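Here the structure comes first, spelled out in structure tokens, and everything after it is commentary.
The values are calculated or read from the model by the stated rules, or taken from the named source; none is laboratory data. These numbers were taken from a predicted model, which means no experiment stands behind them. Cβ sites come from the backbone with ideal geometry, for glycine too, and all protein chains shown count toward neighbours.
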Amino acid sequence: MGISAAPGMTSEEIVSLSRAHTMFSWSVQGAIDPIAIDRAEGVYLYTPEGRRILDFNAQLMSVNIGHGDRRVIDAITAQATQLQFVQPAFATEIRARLGQKMAEILPGDLNKVFFTLGGAEAVENAIKLARHVTGRYKLLARYRSYHGATHGAMTLTGDYRRWANEPGLVGVIRYPDTHRWGEKEPRPVEESLNGLEDVIKYEGPHTIAAVFLETVVGTNGILIPPDGYLKGVRELCDKYGIMMVADEVMAGFGRTGRWFAVDHWDVVPDLMTMAKGLTSSYLPLGAVAMRDHISEAMDSKMFYGGLTYSSHPISLAAALATIRVYEEDDLIGNAARLDPVLRAHHEDLARKHPSVGAHRSLGLFGILDLVRSHDPWTPITPFNGTSDEMKAIGKFFRDNGLYTMMANNSIHTNPPLSITAAQLAEGFAIIDRALDIADQAVTG
């Protein structure tokens with residue numbers, strides 16, 4: 001007698017059981033109201049009932065190639081059929097091939113990678129490498145930053161999510177941001193670099209292992225460094241013998257229209273962390289890349305770091321297939337070509353809606369900042385808070401089939417790199433209508 005497949009759950013059943021038996025990230029558990037998703041294809045998500053939702057944030061700025069690409073799925077299946085897992089002391093063909101490919105696409109002499117489980121673990125291992133090689137313990141990081149939720153990465157993180165997890169890792173020191181919250185424009189480059197150099201001098205260069213920064217700050221505002229800033233940080237690190245660590249977990253793998261955001265400014269960090277777009281989030285995987293002088297230093301000393309699932313064959317297969325999709329479909333080029341298209345949508349909304357106070361974008365990495373007043377420039381939410389208007393906009397998006405990230409006074413615009421100009425216009429048309437809600441709050 002055959003066994004019939006169990007019928008699928010409804011959205012209500014999925015949400016009810018998920019809330020009853022699983023914990024959700026960054027949430028008051030009794031207040032969550034998640035959307036149940038059954039499947040996804042391209043730039044769209046589908047509920048169990050078949051309702052279509054445009055994914056305008058590539059989930060967590062990570063599903064860069066779009067959902068449901070059979071080339072990656074087939075690569076995962078093939079690797080799972082051949083070899084599911086060996087511990088990381090073994091070498092595998094997929095490890096060899098992906099390592100070689102990474103060296104091809106990474107900038108400069110970032111020729112060796114250590115594979116991790118995700119972005120936070122990549123940051124943790126960057127901390128270890130910087131400390132092991134330099135013999136120093138201090139780490140410089142910024143307030144407007146997010147590096148991950150594990151112990152060390154959370155301490156490096158500057159935003160409010162750090163507070164409940166303190167005290168954290170010893171030796172983390174803050175240096176000035178390029179952008180101050182509540183201001184429309186970035187600080188002058190010289191001012192920001194002078195602030196960093198002051199901190200280096202005050203703390204003692206001989207005690208500092210590394211300067212950490214998101215190349216383009218992600219969840220804390222899509223903050224694009226002014227021209228000259230990254231070059232200046234590189235020069236200061238060289239001047240004082242400190243490692244420069246670029247966090248490209250969000251900005252990497254084509255998000256900005258280049259393979260990596262540092263490529264826009266021709267800067268090569270000593271260490272670079274990545275995840276998300278590495279596998280387009282089809283499977284968990286992160287990596288920390290290192291320049292030759294670091295990998296050579298570790299040839300004669302112990303690396304005190306390890307993960308059970310480092311270099312997991314199936315995740316590596318997903319990554320190699322994902323990189324091939326970027327190349328075959330020219331998705332890096334698509335992000336670059338759509339850069340002016342996305343920016344034009346931002347500009348149109350800013351002209352039409354007085355609630356749009358500022359907008360920033362690079363490639364398909366974008367954001368709109370909403371305000372109550374332009375003069376004085378007053379965000380529509382308090383710092384690290386929300387407002388009735390932002391809540392209403394979020395409901396409008398949900399009711400009208402758009403998913404994107406909203407944080408503080410901002411609406412993120414970070415779709416998959418596979419999006420078309422027509423689909424981009426579809427998303428911005430929904431945002432256009434939603435901004436009528438915010439316009440009612442503008443006072444000047």
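The residue of the range 414-444 that is nearest to P354 (Cα to Cα), among those that are small (G, A, S), touching a residue at least 12 places away in the same chain (Cβ under 8 Å) and in a helix (DSSP H, G or I), is A438.
Matching residues to (1) over 21 Å from I127 (Cβ atoms); (2) among the β-branched types (V, I, T):
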site	(1), (2)
H151	no, no
M154	no, no
W163	no, no
V172	no, yes
Y175	no, no
H179	yes, no
P188	yes, no
E191	yes, no
G195	yes, no
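Tell me, please, whether a residue that is under 14 Å from the mean Cα position of the chain (by Cα), assigned by TED's automatic domain parsing to the domain that holds V245 and touching a residue at least 60 places away in the same chain (Cβ under 8 Å) can be found in the range 286-295. Checked the range 286-295: at least one residue is under 14 Å from the mean Cα position of the chain (by Cα), assigned by TED's automatic domain parsing to the domain that holds V245 and touching a residue at least 60 places away in the same chain (Cβ under 8 Å). Residue count for the range 140-184 under the criterion of being in a loop (DSSP other than H, G, I, E, B) and either of a type in the set (S, T, N, Q) or out of contact with any Gly (no Cβ under 9 Å at 6 or more places or on another chain) (or both): the result is 14. In the range 350-373, the residues that are under 21 Å from D227 (Cβ atoms) and hydrophobic (A, V, I, L, M, F, W, C) form Cβ pairs under 6 Å with partners that are assigned to a strand (DSSP E or B) and modelled with pLDDT of 95 or more, at six or more places apart or across chains, as follows: A358/D369; I367/R360; I367/S410; I367/H412.
Within the range 81-119, the set of residues being among the hydrophobic types (A, V, I, L, M, F, W, C) and touching a helix residue (DSSP H, G or I) at 6+ places or on another chain (Cβ under 9 Å) comprises L83, F85, V86, I94, L98, M102, I105, L110, V113, F114, F115, L117.
Yes/no per residue for (1) more than 23 Å from Q87 (Cβ to Cβ); (2) not charged (D, E, K, R):
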| position | (1), (2) |
| --- | --- |
| A275 | no, yes |
| L278 | no, yes |
| P284 | no, yes |
| S315 | no, yes |
| T322 | yes, yes |
| H346 | yes, yes |
| R351 | yes, no |
| H359 | yes, yes |
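List the pairs whose first member sits in the range 192-206 and is over 14 Å from L139 (Cβ atoms), whose second member is among the polar types (S, T, N, Q), and whose Cβ atoms are under 8 Å apart, counting only residues at least 6 apart or on separate chains? Matching pairs, first to second residue: S192/T178.
Condition check ((1) crowded, with 18+ Cβ neighbours inside 10 Å; (2) touching a Pro at 6+ places or on another chain (Cβ under 7 Å)) across all residues:
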position	(1), (2)
W163	no, no
P167	no, no
T178	yes, yes
E183	no, no
I200	yes, no
A209	yes, no
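Between E124, E190, the distinction of being among the charged types (D, E, K, R), out of contact with any strand residue (DSSP E or B) (no Cβ under 6 Å at 6 or more places or on another chain), buried (at least 17 other Cβ atoms within 10 Å of the Cβ) and outside any loop (DSSP other than H, G, I, E, B) belongs to E124 only.
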